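Structure, as structure tokens:
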Amino acid sequence: MVCVLTLSSNVCAEVGMLFRGIWALRRRCCTGPLLLLGIAVGLFYHTVTMHRDRTEFKSSQRDQKNKSAVFDYKLLLKNPEKLVSLLEASQTDSFVHHSKRRCAGKAIILTGQHAPTDTEVQLYQRVLQQQGYRVDQARYAETSASLRQDRRDGRDWSVLICLKGSEKSCLRKINFAHPQHRQRVNIIPAFAGAFLDMGGVCRFLTDSQLSGVTLPILPSSCSFSTSPQEGTPNAAEDEGRQPITHSRSDNQDLNATVNVYLLVTSATPLTAFVHRTALVKTHLDKTSHATELQVFFRERLGPDLSHQAIEHMNHVISDILKAALLTTKKSSSSPRCLLCFQLMIFSLHYNNSSLHPVVVKLQTDLHFDRMKDLHFDGQIAKEYMLEDVLKLLFPACNSEAVELSLPFRTQEENQKYGDCEGPNSLCLPPDEMHLLRQFNQHLKRPGPFQLLYPISPLPDDLHHDLIQTESLSAQDYGWRPALMALLQELSLYYTRKHQTESLDNTKSPEASDPLSRKGRCVDPHLRQLYTDPPLVLMPAFNALEKEYRAEVPFDVITVRIRPEPVSPHCHIHLDEHRGPRMTNYPVGLGNSRINILVMDESEAEPVVMTIYTLHIYRESRPSLPMFDEYVLCSFVQDCGLVVRPDQPCGLEPIPGTRSSEEAQASPRPCLSGDEPGRWVVPCLSCSDNRTCDWREVAWQPDSCYHPLLDQSQLQTCMMDRKVLFIGDSTNRGMMYYLMERVNTTLEDWDKAHDTIVYHNLNQGRTIVSYSYYPQFWLPKAQRPTFQRALQQLLERSQPLENSPQTVLVAGGVQWLNLNHLKTIQQVLKREGLEKIMVVVKSLGMGFHLPVDGIRSLPLNGVQELYNVNANILESAKHLGYEVIDTLSITMGRYKEFLQGRCACHFHEVYKLPFPTAASQRKLKILRLGGESRKPTNEQTGPREHEEPSFQPDVSYHVKGPVNAVYSEILLSRICVNHAVNGTIRQQ
């Protein structure tokens, strides 16, 4: 029975033989108790002996296997193709094994100080999703539901991306739950003590373990800065003290600061790569520029010395990394994270006396500072580099597998692979096998990266040997030398292989893509749409989406746009076939539409391949509804653009005025259209423009009022009249406003750029004609002169009566000058029209924004406009002409322009959804003395959506409150006799 419970059958047989011997002995001399004791002792001794023998046998087998494994390493070092073949087989088996569940996993982005809509966050999310990951976002580890609610102690995620401001949260998470061998974090904990300390310098500069070791690094380079723009003053000073000699020729001038972008893919053992793109600033440059490291050194030093310079650079960076690992490897607060990676920037200073650089700054926050165009060139370079990093670390996942429950092997699998079964014929521990496979994949497809460490053969310098030996000591030390030998052999194998492939490609140019040689646009999509300020696109950018919307606040008046194509052979033009590739775009109030054309220009006739459309909606001024208690505030000009330095800007309490009763007792109509005035708006406080009701803003002359005519009075005034307009689109806006006011509805509208005559006004009793001037789009030699344009307008408007029944309105944004006034006088005298009414619309705000492709006035140029405008007004009145001072009206509300690149349009004509008449609406023109909530001197014009007596087929409406103000002043000047005779309607 004892045998059945405790021993196997073969053991029982042996014990049975022993038992029979003892039983025979009992019959001779032993009692019962002594017999039982002997049996127990015999069983115990035999069991212990068998267990010892079997243990020794297994240990002997394991030692033999380890000896054969070490022997196999020696063979593999002589036959690297076999090593690569074993790794590829292992990689394939691992991929197939895990593709049965899922080949990627979950990625968590901790945004920290970044908004979820930032382009950097969106880039991480887009690329990781393309590589097959499910992406979650949170600001910090403590607020991430995926991390807090994880039932497997943080093992449900595969990738953890910690952006600026979330580093401490990430390190706490790593300390709490040690990452598994398949989990990746973009922070290496071992570097936290050396490069992420708040303030101070790197520990290894004063560490006793590096006593006697001199590193080419300045203490200020390790100072932590909260912003990459801040820099370190000490570093800058030391950089300026570097000796500069000119013993070399001009093409060997190496006096420069080079930002080298480094990707550390493993800390223990150390593996690191350098990106081929660097940021270079020479002592002659004010800004930095991105270039390839090899190209920079070759141009400066020539082919021979450039190779030495790169080797010295690699050694300097490797020394610092190994020194940092040596001083932090024994720290219990830095857990080992096998596949953690770190992107770093080494700022190296070179001078003309040495090829050995000195490190002047070291940062872990990716940036491209001091580039000429930081918003676009810097952002684009940064995103390209991030894409390169992510694609190197996370190869695309092409499996169509189902969901993966755990992105790592089970304990049973680890034991299986640890016993060297399956594809792990190298007999490495699972974590080292993963690292070796990853290193092989990185070397196989490095992309724009070049291996920095390990290099083979290793340097002979004593300091290198010291750092190398110390830094490689870690857990399971017996396997480290073999692993490092394999890493070095792989690096040497792929270095030779890439050099051979490079020579083959150089000898066989015909192997390249023929479409690429021809420069054809074969992928007509955008890679990204960059804007400054950054716009929140709806939907989020996707190369396959062709239409986007975005909203900007009132104070954003320009948006800089740069679309970046996927293929460099595709050309980008904004708005039209010959439009710019990148532009400052003025954003008018309301909706603006920007077309982005992706074109193929490889043939003689360019072809539009794809059109993207961006709709930008700019909000109106922030406004509060007017309450019962309010104060009236006024302003002449906006503080954002001070046109008149002698006048205050911004909101002020209305200056001392007469009482309301006094003003009502002696109202005086304005005698001209250039009476000084200001904008008036009701507010809760004049010190805060956000408390104003901007829907009620009105233009108020200082000492008079402009009469406002209702429709019947206006129709009477316009009866049997001809009104001729000559000027640009701002003048045309006044014309269409007049037509809508006279007819109640605007049935005809056109962006006329020539001469046009309208006969359908006021039941055919009023004629309006228009001639566009100047036609700036024509070659200068072909443009009609002002005199020719005016004569053509007069001819097309015949017959004309030499009386005030004929009205000529001339003017525009900023083309009018005193010579034009003389031309008007001469032409009218020659044509016998000296007695007609002439109204001069003066200059207006516009061309004050830095918009690409058109002229832009600086501040002093805008201020000079005021003096020019005053001379035009004075000269026009001296000739007996009526005037409208549109500059004074528009300069206070220069931000309220509508669509148009010149930022000079304060009107917009749009088609009404239904053919209705324009409604009766309040016209915001006040005369002095209005202090009630609805001032008694405020006049009323047509209101919107009032049903007319008939329904036209099409109906348009002219919107724009600023345009309405100076257009109403125009009507009051044309109908001045009707107004003076008291025919206007008072409220």
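The values are calculated or read from the model by the stated rules, or taken from the named source; none is laboratory data. Note that this is a predicted model, so its numbers are computed, not measured. Virtual Cβ from ideal backbone geometry, glycine too; neighbours counted across all protein chains shown. For accessibility, only protein heavy atoms count, side chains too; no ligands or nucleic acids. Shrake-Rupley method; radii C 1.70, N 1.55, O 1.52, S 1.80 Å.
A few notes on this one:
- Peptides 575-582, 483-490, 267-274 ordered by average Cβ neighbours within 10 Å, highest first: 267-274, 483-490, 575-582
- Solvent-accessible area of region 254-397 (1.4 angstrom probe, protein heavy atoms only): carbon and sulfur portion equals 48 percent.
- In percent, rounded to a whole number, the relative contact order of region 680-735 is 21, using alpha-carbon pairs under 8 Å and six or more apart.
- Solvent accessible area, Å² - MET371, 1.4 Å probe, full protein context: 20 Å²
- Each other residue within a Cβ distance under 12 Å of ASP885 adds +1 if Lys or Arg and -1 if Asp or Glu, for a net charge of -1.
- Rolling a 1.4 Å probe over the protein heavy atoms gives region 562-698 an accessible area of 49 Å² per residue.
- Here ILE380 sits with roughly 10 square angstrom of accessible surface, probe radius 1.4 Å.
- Approximate spin-label separation ASN542-GLN825, in nm, with each point projected 7 Å along Cα-to-Cβ: 6.7 nm
- Other residues lying with their Cβ under 14 Å from the Cβ of LEU624 contribute a combined charge of -2, Lys and Arg counting +1, Asp and Glu -1.
- Assigned charges on the beta-carbon of Lys, Arg, Asp, Glu; region 258-382 dipole about Cα centre (debye): 360 debye
- Here region 676-765 has 43 percent of its accessible surface on carbon and sulfur atoms, given a 1.4 Å probe and all protein chains in place.
- Each residue of region 550-559 was assigned a 3J(HN,Hα) from its phi angle through the Karplus curve 6.51 cos²θ - 1.76 cosθ + 1.60 (θ = phi - 60°); the sequence is 8, 10, 10, x, 4, 6, 7, 10, 9, 10 Hz, with glycine and proline shown as x.
- In region 802-891, trypsin sites (Lys or Arg not before Pro) in a DSSP loop with at most 10 other beta-carbon atoms within 10 Å: ARG855
- Paramagnetic reach from LYS391 in region 557-576 [backbone N under 20 Å; point 7 Å along Cα→Cβ]: 563-571
- Full extension of the chain between LYS168 and THR613 gives 156.1 nm of extra length, using 0.36 nm per residue less the Cα-Cα distance.
- Rolling a 1.4 Å probe over the protein heavy atoms leaves TRP749 with an accessible area of roughly 70 Å².
- Residue-count net charge about ASP720 - beta-carbon cut-off 11 Å; Lys, Arg +1, Asp, Glu -1: +2
- Remark: relative contact order (region 702-790) = 31 percent; criterion is Cα-Cα distance under 8 angstrom and separation of 6 or more residues.
- Overall form of region 606-648 per C-alpha gyration tensor (a/c, 1.5; a/b vs b/c): oblate
- For region 778-907, relative contact order (Cα pairs under 8 Å, six or more residues apart, normalised by length) works out to 25 percent.
- Estimated distance in nm for a label pair at SER875 and LYS444, the labels positioned 7 Å out from Cα along Cα-to-Cβ: 7.9 nm
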